[in-house]
Amino acid sequence: MNATKRKFNALLQGLGAKPTPQSPVTNGQDNSFSSPINRPSTPNSTLAPDYTSTPSKGMAPAGVPSTPSDPFKRRRVGVLETTPGNEKLGGTTISNVVLKKWTPGGSALSPSKETKTEPPKYCPSDRDELIKRLGTFQELTEWTPKPDKVNEVEWAKRGWVCKGKERVQCTLCHKEVVVKINKGEVDGKEVPVLVGSDIEQALVKRFVELIIDAHQEDCLWRKRGCDDTLLRLSLTIPKPALATLRQRYDELCARQSFLPYLFNLRLPANLDLQAVKSQLTPTFFSDPPPPSTNPSTPNDIALALALTGWQGLTNPRVGAVPNSATCATCLRRLGLWMFKSKEVDEATGQILVPAPMDYLDPVREHRFFCPWRNPAAQHNPGAKTMDNKTAWEVLVQTIQNNAKNDTYLRMQASKNNIRNILHRPTASVPVTPSKGGQAGGDGGSPMLGPDMVNDEDEDTTVRDAKDKERWARLRRVKSLFDTKNGKKLRRTLSRPGTASSRPPTAHSRQASVPPETAGEKN
């Protein structure tokens, strides 16, 4: 027993030691095969006893352990055997072992070269990551409905994901919390337990605190969570809203054989499908070109489901699922075959074999926190008025506003075209056109189109009345600048034989008398 321990200790000490140079070959034998560490191995070979040396009884040469006879011990020592081709390196040691990732092509990739990116662990403003966290709570076998203050939305906003039976885990600090309010274990099985209202309220209050306090002290989710309006959909801009509506419509048209009948739907009372279809843009169903799966005429069922937020379900592994629909916000999955009547008389429209479900309410089938159903999740905090509309109502309102704007723009464009046709370049010049021919022309009437009006055909009396009124206005304006002295001056200038530019005065008359005449008077 002691000899075995010494052999094992000597073997362990020789693992990390640098191999010593081999001595020359003696007696025609290669010393490289004298040790089980340096002996090449094959997949079916086992360690054989070493007959090149004769150790003393109960002792083994240092660094060269003998092969144990026990198969269990042989397996433990056999792990240290080298593969063919390592003889030149002097054996395999712990220091030169590197773990590499095996690929089917035969090339090895080191862990540092892997291109796999992990999802962000702290992203309070990322809507897509919030939806992914909410998606972990959709399995009823792992998460049952909770009160509003501790439902899955409140946990997901603080970075928690569902990791098992009523258990949540933080994506950053990896702390876990078991959330059980009205559940208990009986014989190792969970069963509902009736608790008093005061006890339930105390539990809810405690879990509200744990949503924040259960994180580690340095966890960022403890300091700030997601905003309450992060789930809100932007549907007020017509172009992207209509583009996503058309995408959902095309995906549902690809599943038209599984879509329920129109009488299987229970649409909201304030949703007029025909009115909405008439308010869509004229090129909605044709631009971009529809796929081959779309029908020649618009599909009302697909349009109704697309207006309420449903689209085709696509599995990342198997691709498109032809008989199911989903919501991209609440990730609710909808089996279309559950709501379609199995047999219907096409002549009379009578249901022969009903569907498993009575009817399909496309709005009610969304989850409670989905903005297509919940107006509080779609509320705009920057709105001046309190809007109480769900996402589908906002989308319908956007379609109506876009139709009104298009109608107004078309009317304005038609008015501008008429104004450009009837516009006359000389109409703004305040002169009376000469009668009897065109000024500067050959006297003939110009070539006029059928939509233009000839000036000569205009009523002459109307033009004369306009000219008289224009000249009367000019006279009234001119009279504002006339004064009494100005009128007298004009009269003087208008008299024949007047030489001076102003009427004579007494001083001017005295100065004009000759000197001889002035002396005679004196």
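Assorted remarks:
- Exclusive hit being surrounded by fewer than 17 Cβ atoms within 10 Å (Cβ to Cβ), modelled with pLDDT of 90 or more and touching a strand residue (DSSP E or B) at 6+ places or on another chain (Cβ under 8 Å), set 127, 167: 167
- Of the residues contained in the stretch 298-309, none is found to be of a type outside the set (D, E, K, R) and without any contact (Cβ under 8 Å) to a residue 12 or more places away in the chain.
- Within the stretch 198-212, the residues that satisfy the criterion of being under 17 Å from residue 167 (Cβ atoms) and open to solvent by less than 80 Å² (accessible area, probe 1.4 Å) are 203, 207, 210, 211.
- Reported count of residues in the stretch 352-378, each being closer than 22 Å to residue 235 by Cα and open to solvent by 50 Å² or more (accessible area, probe 1.4 Å), is 4.
- Residue within the stretch 342-350 that is touching a Pro at 6+ places or on another chain (Cβ under 9 Å), open to solvent by less than 50 Å² (accessible area, probe 1.4 Å) and aliphatic (A, V, I, L, M) present: no
- For the stretch 264-299, the tally of residues that are in contact with a Leu (Cβ under 8 Å, 6 or more places away or on another chain) and open to solvent by less than 30 Å² (accessible area, probe 1.4 Å) stands at 8.
- Condition check for residue 161: part of a strand (DSSP E or B), open to solvent by less than 30 Å² (accessible area, probe 1.4 Å) and of a type in the set (A, V, I, L, M): yes
- Tally of residues being open to solvent by less than 60 Å² (accessible area, probe 1.4 Å) and either aliphatic (A, V, I, L, M) or part of a loop (DSSP other than H, G, I, E, B) (or both) across the stretch 139-158: 9
Okay, residues lined up against (1) of a type in the set (D, E, K, R); (2) under 22 Å from residue 397 (Cβ atoms):
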| residue | (1), (2) |
| --- | --- |
| 255 | yes, no |
| 284 | no, yes |
| 289 | no, no |
| 315 | no, no |
| 335 | no, no |
| 349 | no, no |
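- Residue 260 meets all of the listed conditions (1) in contact with a Lys or Arg (Cβ under 8 Å, 6 or more places away or on another chain); (2) open to solvent by 60 Å² or more (accessible area, probe 1.4 Å) but one, namely (2).
- Taking the numbered list (1) within 22 Å of the chain's Cα centre (by Cα); (2) at pLDDT 90 or above in turn, residue 364 passes all entries but (1).
The values are calculated or read from the model by the stated rules, or taken from the named source; none is laboratory data. Note that the structure is predicted; figures quoted are calculated from it, not measured. In this analysis, Cβ positions are derived from the backbone assuming ideal geometry, glycine residues included, and neighbour counts consider all displayed protein chains. Please note that ligands, DNA and RNA were not included when accessible areas were found on the heavy atoms of the full protein model with its side chains. Shrake-Rupley method; radii C 1.70, N 1.55, O 1.52, S 1.80 Å.
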